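Structure first, commentary second.
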Amino acid sequence: MNNIPYTFGLNAPAYVPSHYDNYIQRRLSDMKGQYLDQGAFAASLSSEDILIYEVYELHRPQIEGEILHGVSIVHPGKVGDEYFMTKGHFHTVLETAEIYFCLSGEGFMVMETPEGETAVEPLSAGRVLYVPPRWAHRSVNSGADDLITFFAYPGNAGHDYGTIEQNGFRKLVIERDGRPAIIDNPRWQA
C-alpha cells in the first residue's frame, strides 16, 4: 500500500469509486433476524436472495491516525413494511465517530447508544451526517432510488456487528400509509 496522497472519482449517477480495494455485497440472507416481519422475510428469501446493499472500500491501515473511507449503496425495497437497510454496527473502539455524506437518494440513519439514547436523522442528497462516538448506526433507504453515501471513520475504529445482530435497534423505519414512519421495535431486547 502506498503511503502517498491520492484521488479518486465519484461520478454520478452511480457514484462507484473510480478505484477501490474491497467490494462487499449484503444479500437478504445476510440480514437474517434483522427485519421485524420474519414471515415476510422468509417469503421474500424463498423467492430470491436479493441484493440489499453494496459497499466499496478504499483500504488504509486500520490504525490510529488513518481515515477509512468508501461508498455505501442501499438499494430500494422492503421486507414486509420495513425498508431495506444496512446491518448496522457499533465501532469496536466505542469512542470513535463517523461521517456520512449523502450523494444520492433519500432515507434515514437510525442510531442509538449503549445507554439507550436514540436518534433517527433524515438523509438526502447533499446532507452530511455526523455520527458521534458511542452511537451505533444503520442506513435505511426509504426512497424509490438507491441511497448512496460516502463514509469516513478512524482507521482503528473496527466494527461490532454482533451487538446489533443479537439485540436489534430500538427504532425501526417502516412504511405507513405510503410514507416512512419511525416506530419502537417491539422485538428489541437488552
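Coordinate-derived values only; no laboratory data. Predicted model, so just to flag it, every value in this text is computed and none were measured. Don't worry about glycine lacking a Cβ; one is built from the backbone with ideal geometry, like all the others, and counts go over all protein chains shown.
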- In degrees, nearest 10, the alpha-carbon axis of helix 38-47 is tilted away from the dominant principal axis of the alpha carbons of the chain by 70 degrees
- Quick one: which residues, 5 or more positions from PHE84 or on another chain, have an amide H under 5 Å from its amide H? H modelled 1.01 Å from N in the peptide plane, none for Pro or chain starts. GLY77, LYS78, VAL79, ASN141
- Residue-wise, which Karplus ³J(HN,Hα) couplings in Hz belong to the range 160-173, taking 6.51 cos²θ - 1.76 cosθ + 1.60, θ = phi - 60°, and x for glycine or proline? 10, 8, x, 4, 6, 4, 7, 9, x, 9, 6, 10, 10, 10
- Query: If amide H atoms are built 1.01 Å from N in the plane of the peptide, which residues on other chains or at least 5 residues away come under 5 Å of the amide H of HIS89?
  - Reply: HIS137
- Candidates per chymotrypsin sites (Phe, Trp or Tyr not before Pro) in the range 104-190, loop by DSSP, up to 15 other Cβ within 10 Å: TYR161, TRP188
- Task: Please report the base-10 log of the normalised intensity I(q)/I(0) for the range 41-132, using a Debye sum with one equal scatterer per alpha carbon and no solvent, at each q in 0.23 (1/Å).
- Result: -1.37
- Message: Counting other C-beta atoms within 10 Å, and keeping those with at most 10, which DSSP coil GluC sites (Glu not before Pro) do you find in the range 73-163?
- Response: GLU95, GLU115
- Query: Taking the Cβ-Cβ separation of TYR161 and TYR130 as r and a Förster radius of 22 Å, what is the calculated FRET efficiency to the nearest 0.05?
  - Reply: 0.55
- Multiply the residue gap between ASN3 and GLU175 by 0.36 nm, knock off their C-alpha separation, and tell me the result in nm, one decimal place. 57.3 nm
- Message: Binning at 10 angstrom from zero up to the longest distance, how are the C-alpha pair distances of the chain distributed in percent?
- Response: 9, 37, 38, 14, 2, 0
- Note on the structure: Here Rg/Rh (Cα, Kirkwood) for the range 94-190 equals 0.96
- Task: For the range 59-128 and the range 145-190, write down the distance between their C-alpha centroids in whole Å.
- Result: 8 Å
- Message: I need the trypsin sites (Lys or Arg not before Pro) found in the range 23-129, filtered to DSSP loop residues with at most 13 other beta carbons within 10 Å of theirs.
- Response: LYS32
- So what are the ³J(HN,Hα) numbers for the range 117-127, from phi and the Karplus equation (6.51, -1.76, 1.60; θ = phi - 60°), rounded to whole Hz, Gly and Pro as x? 5, 10, 8, 10, 10, x, 10, 8, 3, x, 8
